[in-house]
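Below is one structure, written out as structure tokens; comments come after it.
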Amino acid sequence: MTNETPCHRLALRRDEYDRLLVVRDGVAIPVRVQLCFPWTDPAQFFSLRDAEDNEVAFVADADDLDVPSREALRLAAQQTRFVFDVNRVVAIEQEHELRLWRVETAQGARRFQTKLDDWPRPVGRDAWLVRDVSGDLYLLRDLAAMDAASRQLLSAYIDLDPV
């Protein structure tokens, strides 16, 4: 059952086991965070689900929560997020049937591989998603703000002005 309580009345906390809890009417319900599409704004669209995968609450915008709830949600979302935010593309090389990527992400330097026929796909305004052969996701956002070398490398795969 979906919680229809406005976010400003929703309370989220972490318990002693570091689980996220929805606190409603004095009752704490352990939940997990399910990130909802689009993934281009990390502070929006969270489905909070119980052990049976029922939606307990939906948060459209974390900024609508009080500060302790927002922080609890931010920490829980970080733990479930397998989307790497790409800040810079260092190299893209072709080897046999794979494309080898070297990138700098908000989470650190990464190397990953994609199939030659896997292309970045648009997921929002000026945002592209790349899925590697292991299933990890890499988000390229605000391409205009990336350095010229990154844009030049990406221009072979994404229709954009490399300069």
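If you run the Gaussian network model on the chain, springs between alpha carbon atoms under 10 Å, then out of 98, 35, 65 the most flexible one is 98.
Residues whose amide H comes within less than 5 Å of that of residue 90, counting only those at least five positions distant or on another chain, are 102, 103, 104 (H built at 1.01 Å from N in the peptide plane).
GluC sites (Glu not before Pro), restricted to region 83-163: which are DSSP loop and have at most 16 other Cβ atoms within 10 Å? Display every interim value, and only then the final one.
Values: sites: 93, 95, 97, 104; in loops: 97.
Answer in residue order: 97.
Most fluctuating residue of 130, 83, 23 in a GNM of the chain with Cα springs under 10 Å: which is it? The residue with the greatest mean-square fluctuation here is 23. Our estimate of slack between residue 118 and residue 95, defined as 0.36 nm per intervening residue step minus the Cα-Cα distance, is 6.9 nm.
DSSP loop (so not H, G, I, E, B), at most 14 other Cβ within 10 Å: list which trypsin sites (Lys or Arg not before Pro) in region 121-163 pass both filters. Mind showing how you got there, number by number?
Numbers: sites: 125, 131, 141, 151; in loops: 125.
Filter output for region 121-163: 125.
Treating r as the C-beta distance of residue 80 and residue 110 and R0 as 22 Å, the FRET efficiency rounds to 0.75.
Among the chymotrypsin sites (Phe, Trp or Tyr not before Pro) in region 21-108, those located in a DSSP loop and surrounded by at most 13 other Cβ atoms within 10 Å of their own Cβ are 82.
Karplus-based coupling profile of region 91-106, in residue order and whole Hz: 7, 9, 10, 9, 9, 6, 9, 10, 10, 9, 10, 10, 9, 10, 10, 4, with θ = phi - 60° in 6.51 cos²θ - 1.76 cosθ + 1.60 and x standing for Gly or Pro.
Here, each number is a calculation from the coordinates, and none is a lab measurement. The model shown is predicted, which means the values in this text are computed figures rather than measured ones. Neighbour counts are summed over all protein chains in view; Cβ atoms, including those assigned to glycine, are modelled from backbone coordinates with ideal geometry.
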